[in-house]
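A quick write-up on the structure given underneath.
Read-outs: derived from the displayed coordinates by stated rules, not from any lab. Here the structure is a predicted model, which means the values were calculated and not measured. Neighbour counts are summed over all protein chains in view; Cβ atoms, including those assigned to glycine, are modelled from backbone coordinates with ideal geometry.
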Amino acid sequence: MFRGSLVALLTPFDGTRIDEAALRRLVDWHIAEGTHGLVPVGTTGESPTLSHDEHCRVIEIVAEQAAGRVPVIAGAGSNNPVEAIEYSNCAQRVGADATLHVAGYYNRPNQDGLFAHFKMLHDATELPIIIYNIPPRAVVDIQPETLARMAELPRIVGVKDATGDLLRPWSERQLIKKQFAWLSGEDGTAVAYNVGGGQGCISVTANVAPRLCAELQELTLAGKWEEARVLQDKLLPLHQAMFIEPNPAGPKYALSLLGLASETCRTPVVPLQDSTKAQIRRVMEELELI
């Protein structure tokens, strides 16, 4: 169910408010462009600066607009498991298919603490859970043995891996024998990650080039590695341009060039420098996106 190009969906704003009309248009655009799944209110969706009500409202709009056409994996993570449970219950009420949960940033639990965090979420909620392992942001790193222990819980069904360690899917597949979704959390390593057994990518670049990102994933799933390499070579400058400055300022500016959403981000993410804007525009023109 969770495979292919899954967009780490940004949250469009109209001034200080969520631009609900633009969000609905983005959902329809992604589905028309071939995106395989939607992941609202993660890092790219600016979840840290959304209120509780805004967070739930974004999930509701995305699930309602998707209407079962593609799966919706709702960002529901928090370093406070009580809050993460609240977001998970909200996601279930409004029709999401699964939740995405980050490890315990700031409080920095050890491996037993990480397991306790995810077991508490698992036991108190009902939707399938994708674990988000991103040590650069969360500081803590879920080790393969801990992930395998978590995977013994029936509704923990996959991982979004943003460790940058391409040995991880190989190591984890030695330990996890059930059906499990290995999803890259980094566009730049998505092809190499799938060589190691991955089945998809929760992608930032898919916000800007959904058709190309979907094509890339379909090539890897079909085992057409040489064609995937050629396409990834073309996409790499766009992947890199998206992260010249803090995410999601890059993809939001790119979407503004496409006329699909405002470039507005919430503080502390600030507007891009002119040099970054010029580079993003140049790369998009080279890919014939604009």
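What are the residues in the stretch 121-149 that are of a type outside the set (D, E, K, R) and touching a Pro at 6+ places or on another chain (Cβ under 7 Å), if any?
Leu121, Val140
Just give me the residues in the stretch 112-141 being within 25 Å of Glu186 (Cβ to Cβ) and either touching a Cys at 6+ places or on another chain (Cβ under 8 Å) or of a type in the set (S, T, N, Q) (or both), in sequence order.
Hit for the stretch 112-141 is Asn133, nothing else.
Does Ala206 qualify as being crowded, with 19+ Cβ neighbours inside 10 Å and more than 13 Å from the chain's Cα centre (by Cα)?
No: the conditions fail for Ala206.
Quick one: count up the residues across the stretch 1-56 that are among the hydroxyl-bearing types (Ser, Thr, Tyr) and more than 29 Å from Val191 (Cβ to Cβ).
Total satisfying the criteria: 3.
Which ones in the stretch 160-202 are buried (at least 24 other Cβ atoms within 10 Å of the Cβ) and either touching a residue at least 60 places away in the same chain (Cβ under 8 Å) or closer than 16 Å to Thr35 by Cα (or both)?
Scanning the stretch 160-202 gives Lys160, Leu183, Ser184, Gly185, Asp187, Ala190, Gly200, Cys201, Ile202.
Considering each residue of the stretch 126-155, count those that are over 23 Å from Tyr106 (Cα atoms) and either in contact with a Phe, Trp or Tyr (Cβ under 8 Å, 6 or more places away or on another chain) or not basic (Lys, Arg) (or both), and give that number.
Going through the stretch 126-155 one residue at a time, the tally reaches 8.
Can you tell me which residue within the stretch 276-288, out of those that are within 15 Å of Lys252 (Cβ to Cβ) and among the aliphatic types (A, V, I, L, M), is surrounded by the fewest Cβ atoms within 10 Å (Cβ to Cβ)?
If we take residues in the stretch 276-288 being within 15 Å of Lys252 (Cβ to Cβ) and among the aliphatic types (A, V, I, L, M), then Met284 is surrounded by the fewest Cβ atoms within 10 Å (Cβ to Cβ).
If you take the residues in the stretch 81-114 that are touching a residue at least 60 places away in the same chain (Cβ under 8 Å) and touching a Pro at 6+ places or on another chain (Cβ under 8 Å), which one is nearest to Met150 (Cα to Cα)?
Ala98
Please determine, by comparing only the residues of the stretch 142-172 that are of a type in the set (Asp, Glu) and in a loop (DSSP other than H, G, I, E, B), which one is farthest from Gly77 (Cα to Cα).
Filtering first and then ranking leaves Asp165.
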